[in-house]
Amino acid sequence: MNVTEALNSRYSTRAFKPDPVDRETILKILEAATRAPSWANTQPWEIFVAGGEALERLRQGYLANFKKDVPRKSDLPRPELWIPAHQKRIEELGTKRFGLAGIKRDDKAARQAFSEANAKFFGAPVIIYLCMDRTLTPWSVFDIGMLAQSIMLEAQEYNLGSIPAFMLVSYPELIREELEIPEELSIIIGIALGYSDTQHPQNKFRSPRRDIGEVARFKGF
Ligand SMILES: Cc1cc2nc3c(=O)[nH]c(=O)nc-3n(C[C@H](O)[C@H](O)[C@H](O)COP(=O)(O)O)c2cc1C
């Protein structure tokens, strides 16, 4: 698979098959992905991979919190407010995804049930948590972002789907306890990994992109 194919075929997988992914494959993906660049080669990432019984315990804990409506609080604070253009895209995405699932926007109960898939980690057999020292700045989050995309692109070499998700890091105290993540590390993002259930309607959805003519400005060409 070439780079352009990998970029164009990646999508956020929201329904995984239960089939396990072996440790060797995950190691190969991480080894390739950690070729990602970072500020002065600091390689600020600390990676924790959850699978098997550890992941199942975590999933149960998440689901229990979700059902009790425990407030979600990631180590990296989530934005309180979006500028109107971003808010509009968020709403458009929601409308499209709920529409696909036959859910009306004002049906709160159905939306809650739909969101439960997040708390169940979309059925993924593996979650990769990317962490970094709490004292670092947004520049290092930038490095973590490049690692995250590298992992997701490389995963495709092994026919594996993935999704990066805020929801996966929304109860950091549960993750920290289960995976023995030291307090001095901030849990930045979780990437669910596994074989995609390609027949699932949520996996048939492809998110749109802004027209590149609107995004990129050129001068001197
Ligand atoms: C930092 C980050 C957090 C995200 N959190 C969630 C999430 O909690 N739940 C979810 O379903 N998708 C989540 N996503 C996936 C985005 O919705 C998705 O990347 C976007 O809609 C573009 O779609 P695509 O990944 O299929 O190209 C997240 C993506 C990123 C980069």
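Measuring between their Cα centroids, region 61-106 and region 144-221 lie 16 Å from each other. Is region 61-110 rounded, prolate or oblate when judged by the Cα gyration tensor, a ≥ b ≥ c being the square roots of its eigenvalues, rounded requiring a/c under 1.5 and prolate requiring a/b larger than b/c? Here region 61-110 falls in the oblate category.
Ranking Ala148, Ala192, Ile83 by how far each Cα lies toward the positive end of the dipole of the chain (charges on Cβ) leaves Ile83 at the top. Basic side chains Lys and Arg get +1 at the Cβ, acidic Asp and Glu get -1 at the Cβ, and with that the dipole of region 28-82 about its Cα centre reaches some 180 debye. Using only side-chain charges placed at the Cβ, +1 for Lys and Arg and -1 for Asp and Glu, the dipole size of the chain relative to its Cα centre rounds to 1160 debye. Cα extents for region 127-221 along the principal axes, largest to smallest and rounded to whole angstrom: 50, 42, 23. Across the options Leu58, Gly161, Asn41, the greatest Cα extent toward the positive end of the charge dipole of the chain (unit charges at beta carbon of Lys, Arg, Asp, Glu) belongs to Gly161.
Each distinct pair of alpha carbons in region 46-85 adds a 1/r term; the inverse of their mean, the Kirkwood radius, is 12.8 Å. A Cα-only calculation for region 1-118 places Rg and Dmax at 18.4, 49 Å. Scanning residues 5 or more positions from Asp75 or on other chains, those with amide H under 5 Å from its amide H are Ile187, with H placed 1.01 Å from N in the peptide plane. Legend: translational diffusion of region 73-157 by Stokes-Einstein, Rh = Kirkwood radius over C-alpha pairs, 25 °C, 0.890 mPa s; D = 153 µm²/s.
Computed over the alpha carbons of the chain, Rg followed by Dmax gives 17.9, 57 Å.
Read-outs throughout are calculated quantities, based only on the coordinates presented, and are distinct from any laboratory measurement. All values derive from a computational prediction rather than experimental measurement. Cβ sites come from the backbone with ideal geometry, for glycine too, and all protein chains shown count toward neighbours.
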